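Here the structure is laid out as structure tokens; the discussion comes afterwards.
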Number of protein chains: 2
Amino acid sequence: MELFKVVTVKEAQDLIRRHWHPQRKTEQVPLTGALAKVLAATITSPGDVPGFDRSTVDGFAVLAADTFGASEGLPSYLEVAGEVAMGQAAGIRLKSGQAAQIATGGMLPEGADAVVMLEHTEWLGQTTIAVNRPVAPGENLVRRGEDVASGEEVLAQNHRIRPQDIGILAAVGVEELEVYLPLRVGIISTGNEVVAPGVTPAPGQVRDINSYTLHAMVEDSGGKPALYGIIPDQFAALKASVEKAAAENDLVLISGGSSVGTRDFTVGVLESLGQPGILFHGISLRPGKPTIAAVSGDKLIFGLPGHPASAMVVFDLLVRPLLVCGEYNCFTQRVARAKLSRNLASGAGREDHVRVRFKEVDGELWAEPVLGKSGLISVMVKAEGEIVIPLEQEGLLAGTVVKVQLY
Amino acid sequence: MELFKVVTVKEAQDLIRRHWHPQRKTEQVPLTGALAKVLAATITSPGDVPGFDRSTVDGFAVLAADTFGASEGLPSYLEVAGEVAMGQAAGIRLKSGQAAQIATGGMLPEGADAVVMLEHTEWLGQTTIAVNRPVAPGENLVRRGEDVASGEEVLAQNHRIRPQDIGILAAVGVEELEVYLPLRVGIISTGNEVVAPGVTPAPGQVRDINSYTLHAMVEDSGGKPALYGIIPDQFAALKASVEKAAAENDLVLISGGSSVGTRDFTVGVLESLGQPGILFHGISLRPGKPTIAAVSGDKLIFGLPGHPASAMVVFDLLVRPLLVCGEYNCFTQRVARAKLSRNLASGAGREDHVRVRFKEVDGELWAEPVLGKSGLISVMVKAEGEIVIPLEQEGLLAGTVVKVQLY
């Protein structure tokens, strides 16, 4: 067996990016099926939004210059030349001294360059209004193309679509869009001690947690998970299962049994696969050190630690970004700031991830470490996020403002 | 038409909670279909997790007392009585002076109360080891029930399920669970000026944004959206559409055309429905003031503002929490803290919601207001979150630490 090739998180990410080149297929989806999908192509607007100068209030379209100097004591008097119907061209051309009644969202008549709010006007008879406050040109309207200009980039390739993004796509007339098909992820649990959730564990046995946590994390990241069951600690059985999962997916996650034996089998199987082979074996990270990754052809295979918290931390660092946007320098998690509630020690040369929950004291947000072994799933359930102590730091003092990656 | 009944956000929420009592149906889902669903019943553990004292390292199970005082210079010598196989009862009973080889995750033999790590031992011949460091009772193991104790509450009713929650459900043997069926939400757009995304707008027309943004927000909140199209400004047409949507859904969202005419039609239709009728008409909120809500029987109907940003702000305050957990005092959004980059003014007696994006300067997170009219969808696309200026405050100074609700 080759020597432990321990790398930093950054080195691990770089190695994976250099050697893994999955084939990304795309599909067309309608607007109503686009939420949380990832754009396969940059979208530019074929036209101006709005396509005309549009009132943002109920009132009168005017020539701003006609209102300069207007006041309660000395109003401007304007002739009402007509009314703009909603959803139609104004059909009027305003001249100096004229106004047109207009509702919010209405199209400004030609000649007009501002809108006076209804509450700053008064009817004087059937066709005349008094305007008792001046408006500047451009006031109370949205200019043609002010929301989105024709040819403007609306959303960039690799952007993960949020509700407001769907709104802007509707606004520029996109009915269907090209998004990446989810990356397919095969999930294998290993270990002679692991049994399915439906089984009552005999002495020495525990139920499979990682298959289900990882399944949900893949789903949550926009990937397509598939479970390949629990494989006992046998080289041939594990190899067959990994080969099947690799053939049917873009990525494979093997969640280790935690024993030496299981780890050895995983290493052996990853060594037996095609080139370029094992990329690293061990990360300077806590929890998550016993992580191994290999690439065989265009398939990426991870041997994840067996402890649930460790597997989740490694997933968030190395797998989630790939599923969300195909690379590592993308925003995949929500970040909050809080003050650390107690001192935390850390070994230099190791990146520590510490689970925390929030408490609010006198309006201030504090991050309180949730202590507990990384083998405990209950620690993850109590946690609301995690903080990172970087490689070069030997700890953090209570009161330090920390970034919390929210779960 | 009745007088404007303007309420605060808190009053609006209280009125809705008091008058709306939807029937929540439930369904059984498997673990792999439970992500982001809401638990309909509290789950307690039927057994201890783990079901036995379990080693967290590779090494030797021992009686801790046998190692007290051990050092490199003066090790403790122990007889290796056997090896614990993974996934099986230890099958050994340790006596003082004995040790058993054990792997991470292995079941502690009877008599043992700690585990010595492999690296702190040395083989001396076939059956004897030297232990050169003491361990305390309980060291390097997880006690039976330490992760979850039998009878302990694992997850509470109304909890929205995250990946780690699925992990703990697997650990306690839950294969299927009872979750609420999503609330059904009918979505209606109104306004003579509004056309579908596939239509090229004629002068005066704009494409429907709100139907699609709201559809995605409902989906994102765990609800089940259904579109009822764009209804012109006609009382009879709007009434028929609202009645159909109310019959087929738990909630109805009417996104206003922004003109006075459309607003009047919406009010008229809501007044014509059954009891208890209109709850409020107007909220002291910016953006989002022209919001109206009514309850008819067990259906809740909102008339939302026409401006996309306004509709989104009102949705987040009044609709999203109901979809996520059926009430308002639940955690539905991610919150970050940042320093405000500039002074912001606000009218007293009005709750202002201001869209912001983040910038990081010298490691500090700043929230920078994204200025722009609430009629612009592009403002929402540029924004990463929003801050709130409460009712009683007249503004915020640059440098103030603000809570940012992340989009």
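The values are calculated or read from the model by the stated rules, or taken from the named source; none is laboratory data. These numbers were taken from a predicted model, which means no experiment stands behind them. Cβ atoms come from the backbone with ideal geometry, glycine included; neighbour counts cover every protein chain shown. To get the accessible areas, we keep the full protein, side chains included, count just its heavy atoms, and leave off ligands, DNA and RNA. Shrake-Rupley method; radii C 1.70, N 1.55, O 1.52, S 1.80 Å.
Given contacts defined as C-alpha pairs under 8 Å and at least six residues apart, what's the relative contact order of chain B, whole-number percent?
16
Look at the stretch B:171-179: the mean tally of other chain Cβ atoms within 10 Å of its residues' Cβ atoms is 4. Largest accessible area first, the residues A:H353, A:H307 order themselves as A:H307, A:H353 under a 1.4 Å probe with ligands, DNA and RNA left out. Ranked from shortest, the separations from the 7 Å Cα-to-Cβ label point of A:G229 to its equivalents in the other copies are 5.1 nm. Distances between equivalent label points of B:L397 across the copies, with each point positioned 7 Å along Cα→Cβ, amount to 2.7 nm, shortest listed first.
Over segment B:335-406, calculate the relative contact order: mean separation of alpha carbon pairs under 8 Å at least 6 apart, over the residue count, as a percent. For segment B:335-406, the relative contact order is 49 percent. Close amide H contacts of B:T56 (hydrogens built in the peptide plane, cut-off under 5 Å, sequence separation of 5 or more or a different chain): B:G105, B:L141, B:V142.
Based on the Cβ-Cβ distance of B:L397 and B:R133, what FRET efficiency does E = 1/(1 + (r/R0)^6) give at R0 = 60 Å, to the nearest 0.05? Present the calculation step by step, with values, prior to reporting the outcome.
Numbers: r = 58 Å, r/R0 = 0.96.
Taking R0 as 60 Å, the efficiency between B:L397 and B:R133 is 0.55.
Put simply, the amide H of A:K37, placed in the peptide plane, has neighbours under 5 Å in A:I161, leaving out anything fewer than 5 places away on its chain. Start at zero, step by 10 Å, and the Cα-Cα distances of chain B spread as 5, 18, 20, 17, 12, 10, 10, 7, 3, 0 percent across the bins. Would you compute the Debye intensity of segment B:335-406 from its alpha-carbon atoms alone, equal scatterers and no solvent, and pass along log10 I(q)/I(0) at q = 0.11, 0.15, 0.16, 0.17 Å⁻¹ to two decimals? Once normalised to I(0) and log-transformed, intensities are -0.24, -0.45, -0.52, -0.58. Computed over protein heavy atoms with a 1.4 Å probe, the accessible surface of segment A:335-406 works out to 44 Å² per residue.
With a Förster radius of 56 Å applied to the C-beta separation of A:A202 and B:V361, the computed FRET efficiency comes to 0.45. In terms of its C-alpha gyration tensor, segment A:204-289 has a rounded overall shape, because the principal axis ratio a/c (a ≥ b ≥ c, square roots of the eigenvalues) stays below 1.5. Normalised by residue count, segment A:54-142 yields a Cα convex hull volume of 71 Å³ per residue.
Calculated mean residue ellipticity at 222 nm for chain A: -5500 deg cm²/dmol, from DSSP H runs with n ≥ 4 weighted as -39500 (n - 2.57), summed, divided by the residue count and rounded to 500.
For the peptide B:98-105, the mean number of other protein chain Cβ atoms found within 10 angstrom of a residue's Cβ is 5. Across segment A:63-78, coupling constants 3J(HN,Hα) worked out from phi with the 6.51/-1.76/1.60 Karplus curve, θ = phi - 60°, read 8, 3, 4, 5, 9, 4, x, 5, 8, 4, x, 9, x, 8, 9, 10 Hz, and Gly and Pro carry x. DSSP bridge analysis restricted to segment B:335-406 gives an antiparallel fraction near 90%, rounded to the nearest 5. Taking all protein chains together and rolling a 1.4 Å probe, B:V242 ends up with roughly 0 Å² accessible.
3J(HN,Hα) along segment B:192-209, derived from phi through the Karplus expression 6.51 cos²θ - 1.76 cosθ + 1.60 where θ = phi - 60°, amounts to 5, 8, 9, 10, 5, x, x, 9, 7, x, 6, x, x, 9, 9, 7, 5, 9 Hz, with x in place of Gly and Pro.
Once the other residues with Cβ under 10 Å from the Cβ of A:V195 are scored (Lys, Arg +1; Asp, Glu -1), what is the net sum? Neighbourhood net charge equals -1.
For B:K239, the lysines whose Cα falls under 28 Å of its own Cα, not counting residues fewer than eight places away in the same chain, are B:K5, B:K25, B:K224, B:K289, B:K299. Remark: mean inter-chain Cβ contacts per residue of B:135-144 equal 1, using a 10 Å Cβ-Cβ cutoff to other protein chain atoms.
How much of the DSSP beta bridge set in chain B is antiparallel, as a percent to the nearest 5? Working shown, then result.
On the way: 59 of 87 bridges.
Roughly 70 percent of the beta bridges in chain B run antiparallel, per DSSP.
Sorting A:289-300, B:16-27, B:180-191 by their mean Cβ neighbour count within 10 Å, with the most densely packed peptide first, gives B:180-191, A:289-300, B:16-27.
All other residues whose Cβ lies under 15 angstrom from that of A:D298 are scored, Lys and Arg at +1 and Asp and Glu at -1, for a net of +3. For B:G97, inter-copy separations between label points set 7 Å beyond Cα along the Cβ vector come to 12.1 nm, shortest first. Between the beta carbons of B:L227 and B:Q157, assuming R0 = 30 Å, the FRET efficiency works out to 0.45 to the nearest 0.05.
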